[in-house]
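The next block holds one structure in the form of structure tokens; read it before the comments.
FYI, it's all coordinate maths here, none of it is from the lab. No experiment lies behind these values; they were computed from the predicted model shown. Here Cβ is always computed from backbone atoms with ideal geometry, including for glycine, and neighbour counts include all displayed protein chains.
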Amino acid sequence: MLVEIDDVDLIPLERTWGAWVDEYWLRTPLYHDISGKLIFANPGLKKVRLNKSYDVFIAVCATLWDLPYINAIERWKDHCKISVCWLDELWVSDIPNYKYWLPALRQFDYVFVGYRGTVSPLSQAADRTCFWLPGGVDALRFGPTSDPADRAVDVYSIGRRYEGIHHELLTAAARGDIFYVYDSHASGGLTDVFDYRQHRELFANIAKRSRYFVVATAKTDQPAYRQGQVEVGYRYYEGAAAGAVMIGDAPDCDAYRELIGWPEAVIKIEPDGSDAIAILDELGSDPERMSAISRRNTKEALLRHDWSHRWNEMFRVVGIDPSPRKAGRDRRLKRLAEHFASADQRLTVP
């Protein structure tokens, strides 16, 4: 999205023929490389040379697994005044497994990580100051087109879930009481799609046409992996931006209270689903409450969780001024938030 709203060049990376072999032979010993040098090797990608200078180089990594791909860009530090690495997802329990990968973080001027609980442990392990930069959403793409009472999908659930809640919703759907849309594959975000842009558009279109949107703490189905760490996942930003009434679990952590702490942001449901249908019936019987929740969720997402706000925070930390183009998006977000804040306005995006 930053490419569309600021002066940004996206550097495409491509695999060479047989790259999977090179990557396998690189990654296998990486976990045991006490020299800390292998992490700076190219894992079989076509080499890229920058042909101009930049104010800032931003490497966005979904996880530490993506870190070696940066090595395909030759001598990038010579062309960039400031360098940033943004690690979207990194759990504290993973840090010891990647201890020989961490030296690569020291080549950047700034390191951001998406989970608040990881900031301090990663700063210690990598021997450098790291910053918290949570996930976000394209709030304009997900913006609602109708009042919750007029939405075709009753309940939408995507990604990780509580099986108890899922079972109760399935049972209600089998009775014909609700129209329930949910994931039917087990591999989650690792599933290949025909076109990632179309996939996100489809996701947004269903979300903004759903009355209720199921949310759960990040990696809620893997407590052993989390080891007590509680974080806010992307579903909260997406459900709020879509103006759906979010149902499920409100994470008990400071990040949630800071990011999503407005009234009735999430209507809590027991993990076993025992009260799910009763709560849906109660909410459905009060259209004014539903509309108020929807408007508030949309407004807060526009003001807090659009990707533009995340880039603003990153730019603030590194000392970069946003371009006039980007400022235009911020003004539009604020204008739409004011629209949804008014109880007298219909829930349509101008």
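Table for the structure above
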| item | result |
| --- | --- |
| Charge dipole magnitude, Cβ of K and R +1, D and E -1 - segment 2-132, Cα centre, debye nearest 20 | 440 |
| Simple label model, 7 Å out from Cα along Cβ direction - Leu13 to Glu288, nm | 5.5 |
| Residue-wise HN-Hα coupling along segment 255-272, computed from phi with Karplus coefficients 6.51, -1.76, 1.60 (Hz; x: Gly, Pro) | 4, 5, 5, 7, 8, 10, x, 7, x, 6, 4, 10, 8, 6, 10, 4, x, 7 |
| Ratio of Rg to Rh over the chain (Cα coordinates, Kirkwood Rh, two decimals) | 0.99 |
| Gaussian network model of the chain, springs between alpha carbon atoms under 10 Å - residue of Val21, Val214, Val232 with greatest fluctuation | Val21 |
| Built amide H within the under 5 Å cut-off of Ile267, gap 5+ | Met246, Ile247, Gly248 |
| Cut-off under 5 Å, modelled amide H: who pairs with Phe131 long-range | Val111, Phe112, Val113 |
| Cα-Cα over 30 Å, subset of Lys46/Lys208; Lys99/Lys326; Lys268/Lys299; Lys81/Lys299 | Lys46/Lys208; Lys99/Lys326; Lys81/Lys299 |
| Shape category assigned to segment 148-304 from the gyration tensor of Cα positions, a/c cut at 1.5 | rounded |
| Nearest-20 debye value, the chain charge dipole, Cβ charges on Lys, Arg, Asp, Glu | 1200 |
| Cα-centred dipole magnitude for segment 148-304, charges only on beta-carbon of K, R (+1) and D, E (-1), debye, nearest 20 | 560 |
| Positive-end residue of Ile58, Ile158, Gly136, charge dipole of the chain with Cβ unit charges | Ile58 |
| Top of Pro121, Pro12, Pro322 by mean-square fluctuation, Gaussian network on the chain, Cα under 10 Å | Pro12 |
| Long-range HN-HN contacts of Ala59 with modeled amide H, under 5 Å | Val84, Cys85, Trp86 |
| Listed residues Leu336, Ala218, Val317: farthest to the positive end of the dipole of the chain (Cβ charges) | Val317 |
| Exposure proxy order (Cβ contacts within 10 Å, fewest to most) of Arg128, Arg49 | Arg49, Arg128 |
| Euclidean distance between Cα centres, segment 34-56 to segment 285-332, Å | 34 |
| The chain: calculated mean residue ellipticity at 222 nm from DSSP helix runs of at least 4, using -39500 (n - 2.57) | -10500 deg cm²/dmol |
| Cα shape, segment 2-132, gyration tensor, a/c 1.5 rule | oblate |
| Exposure proxy ranking, count of Cβ atoms within 10 Å, fewest first, for Ile82, Ile247 | Ile82, Ile247 |
| GNM result for the chain, Cα springs below 10 Å: residue of Asp138, Asp249, Asp78 fluctuating most strongly | Asp78 |
| Charge dipole of segment 148-304 about the Cα centre (unit charges at C-beta), most positive-ward option of Ile260, Gln227, Phe179 | Ile260 |
